[in-house]
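Below you'll find the structure, written out as structure tokens, and then a few comments.
The values are calculated or read from the model by the stated rules, or taken from the named source; none is laboratory data. Nothing here was measured: the structure is a model prediction, and the numbers come from that model. Every residue, glycine among them, receives a Cβ derived from its backbone with ideal geometry; neighbour counts consider all protein chains shown.
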Amino acid sequence: MTVGTDKHQFNRVIRWTERWVRCHGFTGDVVVQSGHSDVEVGEFKAQPFFGKSEVRAMIERADVVITHGGPGAISDVLAMGKVPVVLPRNPSLGEHVDGHQQRFVQHLSERGIVRWNDSYDDFEEAVLRSFGVTFDPYHAGGNASRVLAEAINSLVR
């Protein structure tokens, strides 16, 4: 799970992940890139930041990838043939300065590219549905690149 590098806390996604693990008795490895969050991460392997190559290796090995709504993180997960479980940062909860992640993720979700989660119940279901789901990875210049570019362009207009 990655919360990105933004200077704001993103405790909500860590708490939801921890809750999911407890409720479902998950015994596999859970790796958390916790960024500037200030919540305890319990039994997870956690550190504030990992190197880019380390993150990519972890994504490749992961059964499920939970991420914030940043375009870079989402495109990294898609490029490895995974469907990301995405929880965009919410500015009203002190998780970001504005709602650009929410708008971006909504755009991708409407096109079936990511699984957007607004509530814990949605998050729980998305994680359960994501185990073992893979597809041919998106590559630069392909359809995903066009859709990601359209999403970004629609946000800056």
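Structure notes:
- Any hit, region 128-139, residues being surrounded by 15 or more Cβ atoms within 10 Å (Cβ to Cβ), part of a helix (DSSP H, G or I) and at pLDDT below 90: yes
- Of the helices (runs of 4 or more DSSP H) lying entirely inside region 1-116, those carrying at least 3 residues that are free of Cβ contacts under 8 Å to residues at least 60 places away in the same chain, over 23 Å from residue 132 (Cα atoms) and under 14 Å from the mean Cα position of the chain (by Cα) are 100-110.
- Per this entry, residue 100 is counted among residues that are surrounded by 17 or more Cβ atoms within 10 Å (Cβ to Cβ), in contact with a Leu (Cβ under 7 Å, 6 or more places away or on another chain) and modelled with pLDDT under 95.
- The condition of being on the phi > 0 side of the Ramachandran plot, of a type outside the set (Phe, Trp, Tyr) and at pLDDT 90 or above holds for only one of 51, 35, that being 35.
- In region 117-127, residue surrounded by the most Cβ atoms within 10 Å (Cβ to Cβ) [restricted to those that are in a helix (DSSP H, G or I) and more than 13 Å from the chain's Cα centre (by Cα)]: 124
Residues checked against (1) closer than 26 Å to residue 98 by Cα; (2) surrounded by fewer than 21 Cβ atoms within 10 Å (Cβ to Cβ); (3) of a type in the set (D, E, K, R):
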| residue | (1), (2), (3) |
| --- | --- |
| 11 | yes, yes, no |
| 15 | yes, yes, yes |
| 23 | no, yes, no |
| 38 | yes, yes, yes |
| 49 | yes, yes, no |
| 52 | yes, yes, yes |
| 62 | no, yes, no |
| 66 | yes, no, no |
| 76 | yes, yes, yes |
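- Some residue of region 6-15 being out of contact with any His (no Cβ under 8 Å at 6 or more places or on another chain) and over 18 Å from residue 117 (Cα atoms): no
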